[in-house]
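The values are calculated or read from the model by the stated rules, or taken from the named source; none is laboratory data. Remember, it's a predicted structure, so these values are computed and weren't measured experimentally. Quick reminder, even Gly has a Cβ in these numbers, built from the backbone with ideal geometry, and neighbours come from all protein chains shown. Calculation scope for accessible area: heavy atoms of the full protein, side chains included, ligands and nucleic acids excluded. Shrake-Rupley method; radii C 1.70, N 1.55, O 1.52, S 1.80 Å.
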Amino acid sequence: MPGAGDIFITAHAARVLMDRGELSSTDLTKHCLSRISALEDRLHSFLTVLESSALQDAAASDARRRSGTALGPLDGIPIAIKDNISTAGVRTTAGSKILDSYVPPFDAHVVERLRASGAVIVGKANLDEFAMGSSNENSAFGPVRNPWDVNRVPGGSSGGPAAAVSAGEAVVSLGSDTGGSIRQPAALCGIVGMKPTYGLVSRYGLIAFASSLDQIGPFARDVTDCAILLEAISGHDPRDSTSLQRPRETFVGSLRGGIKGVRVGVPREYLVDGIEPGVRRAFESALQTLTSLGAAVEECSLPLTDQALAVYYILAPSEASANLARFDGFKYGHSSPGARTAWDTMDLSRAEGFGSEVKRRILLGGYALSAGYYDAYYKKAQQVRTLIRREFADAFERFDALVTPTSPTVAFKLGSRTQDPLSMYLSDVCTIPVNIAGLPGISLPGGMSDGLPVGLQVIGPQFGDARILRIAYSYEQATEWHLKRPEIN
Amino acid sequence: MLTSDDVRRVARLTRIALSDTELTVLQDQLSKVLGHFQSLQMIDTEGTEPTGHASEGRTVMRDDLSAPSLARSDVLKNAPESDEPMVRVRPVLGS
């Protein structure tokens with residue numbers, strides 16, 4: 001157990017102890033590895049655990065610190081990486097049988113950054129296959145379970161990275177968010193998760209799902225750690241043509257200062273019919289807290305909100321059907337042993353390698369893009385996307401940020417939504433519009449309902465990442481929800 | 001409402017072999033999902049430009065310079081069948 005006796009220590013607290021010589025990276029890494037071995041048969045947060053390389057990296061970090069050459073706030077901090085983010089020489093499956101034995105020959109940009117910052121990668125975290133799902137029940141390697149109640153889902157698609165941080169198997173982690181895949185599991189697991197402005201973090205080495213929506217982002221136990229991790233992974237990368245060319249920001253430096261006079265909009269369309277009473281109560285109480293901190297909270301309307309789901313489930317599958325065309329059974333990944341011709345290789349390798357949700361989305365996208373349907377589905381969805389972006393832009397003329405619940409419900413029971421794809425898709429109604437408009441969004445602990453965590457979402461304008469972090473930090477400092485921990489041992 | 005021929009056609013386009021059972025289930029599920037999305041047709045988008053990307057949408061140019069790429073032997077390690085320096089595939093023609 002770490003020096004401070006806290007099994008859920010944050011990266012910034014660990015750094016203070018490590019600088020004082022009261023905690024080593026090796027101790028902290030061993031602690032995470034022992035949590036992993038104690039909990040994995042119940043949680044299944046990881047697909048690959050990197051015990052020996054993690055201990056080597058931790059020892060190297062300790063040596064740097066002893067010699068006064070520590071690399072920064074993440075040096076020696078154990079981190080989990082979602083398994084759709086490429087790691088050189090380490091199996092990367094995207095949660096799919098089709099990539100069961102794939103070993104990338106290169107690191108993703110974010111992994112290069114983490115290695116350069118001295119972070120200790122403890123393992124590759126479980127996810128819905130190709131990040132398609134809202135419950136982590138679509139992983140080809142079996143579901144992840146929620147540390148707060150193992151009969152419930154952790155959310156998805158980044159269920160593994162969220163559960164790992166929530167349960168103390170890693171201090172921080174990286175996920176990817178295409179329609180809510182960081183924020184929704186962060187909410188359901190009671191931690192902080194952020195989807196940055198589109199283009200802030202390079203997608204180089206992220207196995208693509210829907211390229212115009214995908215964004216890598218951090219999971220952490222508090223907002224400070226979230227800002228530290230975002231600072232480490234953001235910045236321009238010429239290998240991703242959508243990577244923004246902007247000066248790097250200091251997110252940690254702008255957390256303080258409060259939110260007096262900040263104009264906060266509450267779009268009434270996000271308080272949907274299906275919202276649970278406990279989530280609504282927690283949200284209303286969070287609004288009072290923001291008001292008491294000096295924010296000017298006011299209701300507003302974004303009438304196109306309920307079209308966002310349709311736009312998303314046309315655009316994301318369309319992009320996925322093109323991105324996943326690369327899995328052909330020739331160059332890497334599963335190849336059907338029964339195939340006799342090249343065409344068979346494609347048809348059968350994909351039939352055997354993809355799970356049912358992935359097939360469903362590829363077909364949906366293929367249909368929306370096919371001759372005769374393109375204008376009615378794909379082009380129409382792209383046009384409504386323009387209108388949704390404008391609606392947000394208009395709202396940000398009046399407001400500095402918008403706040404909503406992250407998810408209309410707390411963590412739901414395993415198996416309760418798997419038979420009806422549409423009910424599963426509705427899990428993401430509060431998070432999807434943010435991806436469609438390319439905006440930054442953060443989910444942080446914002447209450448409890450029936451002993452399960454509730455997430456509060458703060459949405460900012462494009463490049464408003466530092467601003468939403470500050471609002472989240474101010475809320476966090478005024479509440480104690482981020483200190484609640486699951487009792488799993 | 002999608003017909004089974006619609007689903008078969010898209011499965012062929014996206015190169016996924018489907019069993020008859022899968023075909024029936026997908027026909028039903030995709031019809032329901034697409035039916036739900038009909039609401040989009042009610043939105044007036046006359047004269048609205050489509051958005052393909054959330055960022056500024058400028059094409060990024062770079063100098064056409066040669067640079068090292070991944071080592072061939074590293075890349076071939078992942079190929080299901082290879083015959084250095086090539087990936088081996090099943091017959092494309094005459095089958």
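Of everything in the stretch B:8-17, what is at the interface with another protein chain (Cβ under 10 Å from one of its Cβ atoms) and open to solvent by 60 Å² or more (accessible area, probe 1.4 Å)? Give them in sequence order. It would help to see each step written out before you state the result.
We begin by selecting, within the stretch B:8-17, every residue at the interface with another protein chain (Cβ under 10 Å from one of its Cβ atoms); these are B:9-17.
Listed by number, the residues that qualify are B:9, B:12, B:13.
Filtering the stretch A:294-319 to residues that are among the hydrophobic types (A, V, I, L, M, F, W, C) and within 10 Å of chain B (Cβ to nearest Cβ) leaves A:304, A:309, A:310, A:311, A:314, A:315.
Among the residues of the stretch A:358-370, write down those that are more than 7 Å from chain B (Cβ to nearest Cβ) and more than 17 Å from residue A:100 (Cα to Cα).
Filtering the stretch A:358-370 down to residues more than 7 Å from chain B (Cβ to nearest Cβ) leaves A:358, A:361, A:365, A:368-369.
Residues satisfying the conditions are A:361, A:365, A:368, A:369.
The number of residues in the stretch A:411-463 that are within 14 Å of chain B (Cβ to nearest Cβ) and aliphatic (A, V, I, L, M) comes to 10.
Can you confirm whether residue A:340 is in contact with a Lys or Arg (Cβ under 8 Å, 6 or more places away or on another chain) and basic (Lys, Arg)?
Working: in contact with a Lys or Arg (Cβ under 8 Å, 6 or more places away or on another chain): yes; basic (Lys, Arg): yes.
For residue A:340, the condition - in contact with a Lys or Arg (Cβ under 8 Å, 6 or more places away or on another chain) and basic (Lys, Arg) - is met.
Residues that are open to solvent by less than 50 Å² (accessible area, probe 1.4 Å), more than 30 Å from residue B:53 (Cβ to Cβ) and not in a loop (DSSP other than H, G, I, E, B) within the stretch A:234-293 comprise A:278, A:279, A:282, A:283, A:286, A:287, A:289, A:290, listed in sequence order.
Helices (runs of 4 or more DSSP H) fully within the stretch A:95-211 that include at least 1 residues being out of contact with any helix residue (DSSP H, G or I) (no Cβ under 7 Å at 6 or more places or on another chain) and without any contact (Cβ under 8 Å) to a residue 12 or more places away in the chain: A:109-116. Note on the stretch A:332-350: residues that are within 8 Å of another protein chain (Cβ to nearest Cβ) and more than 28 Å from the chain's Cα centre (by Cα) total 11. For the stretch A:115-128, the tally of residues that are farther than 18 Å from residue A:164 by Cα and either in contact with a strand residue (DSSP E or B) (Cβ under 9 Å, 6 or more places away or on another chain) or open to solvent by less than 10 Å² (accessible area, probe 1.4 Å) (or both) stands at 2. Residues satisfying the criterion are absent from the stretch A:207-218 (criterion: among the charged types (D, E, K, R) and open to solvent by 10 Å² or more (accessible area, probe 1.4 Å)).
A search for C-beta distances below 8 Å between a residue of the stretch B:68-95 that is more than 9 Å from every other protein chain (Cβ to nearest Cβ) and any residue that is part of a helix (DSSP H, G or I) and among the hydroxyl-bearing types (Ser, Thr, Tyr), counting only pairs 6+ apart in sequence or on different chains, returns B:84/B:73.
Inside the stretch B:38-74, residues that are touching a Lys or Arg at 6+ places or on another chain (Cβ under 8 Å) and not in a loop (DSSP other than H, G, I, E, B) make up a count of 2. Scan the stretch A:395-403 and tell me whether some residue there is within 14 Å of chain B (Cβ to nearest Cβ) and either touching a residue at least 60 places away in the same chain (Cβ under 8 Å) or touching a Cys at 6+ places or on another chain (Cβ under 9 Å) (or both). Checking the stretch A:395-403: not a single residue is within 14 Å of chain B (Cβ to nearest Cβ) and either touching a residue at least 60 places away in the same chain (Cβ under 8 Å) or touching a Cys at 6+ places or on another chain (Cβ under 9 Å) (or both). Whether any residue in the stretch B:41-56 is crowded, with 16+ Cβ neighbours inside 10 Å and more than 7 Å from every other protein chain (Cβ to nearest Cβ) is what I want to check. Taking every residue of the stretch B:41-56 in turn, none turns out to be crowded, with 16+ Cβ neighbours inside 10 Å and more than 7 Å from every other protein chain (Cβ to nearest Cβ). As a summary of the residue check, residue A:10 satisfies the conditions (1) of a type in the set (Ser, Thr, Tyr); (2) over 17 Å from residue A:161 (Cα atoms); (3) open to solvent by 10 Å² or more (accessible area, probe 1.4 Å) except for the one numbered (2).
Cβ separations smaller than 9 Å between residues 6+ apart or across chains give the following pairs from the stretch A:408-435 residues that are free of Cβ contacts under 8 Å to residues at least 40 places away in the same chain to residues that are part of a loop (DSSP other than H, G, I, E, B) and open to solvent by less than 50 Å² (accessible area, probe 1.4 Å): A:416/A:135; A:416/A:153; A:423/A:417. When residue A:329 is tested against the conditions (1) farther than 17 Å from residue A:207 by Cβ; (2) within 7 Å of another protein chain (Cβ to nearest Cβ); (3) crowded, with 22+ Cβ neighbours inside 10 Å; (4) not aliphatic (A, V, I, L, M), the lone failure is (1). Out of B:20, B:28, B:5, one residue alone is closer than 18 Å to residue A:371 by Cα and exposed (fewer than 15 other Cβ atoms within 10 Å of the Cβ). It is B:5.
Of all residues in the stretch A:103-123, those that are among the β-branched types (Val, Ile, Thr) and over 13 Å from residue A:88 (Cα atoms) total 2. If you go through the stretch B:27-40 and pick out every residue that is free of Cβ contacts under 8 Å to residues at least 12 places away in the same chain and within 7 Å of another protein chain (Cβ to nearest Cβ), you end up with 7.
Out of curiosity, is residue B:93 open to solvent by less than 40 Å² (accessible area, probe 1.4 Å) and either part of a loop (DSSP other than H, G, I, E, B) or out of contact with any Gly (no Cβ under 8 Å at 6 or more places or on another chain) (or both)?
On the way: open to solvent by less than 40 Å² (accessible area, probe 1.4 Å): no; either part of a loop (DSSP other than H, G, I, E, B) or out of contact with any Gly (no Cβ under 8 Å at 6 or more places or on another chain) (or both): yes.
It is false that residue B:93 is open to solvent by less than 40 Å² (accessible area, probe 1.4 Å) and either part of a loop (DSSP other than H, G, I, E, B) or out of contact with any Gly (no Cβ under 8 Å at 6 or more places or on another chain) (or both).
Considering the stretch A:389-489, the qualifying helices (runs of 4 or more DSSP H), each wholly inside and each with 1 or more residues that are at pLDDT below 95, run over A:421-425.
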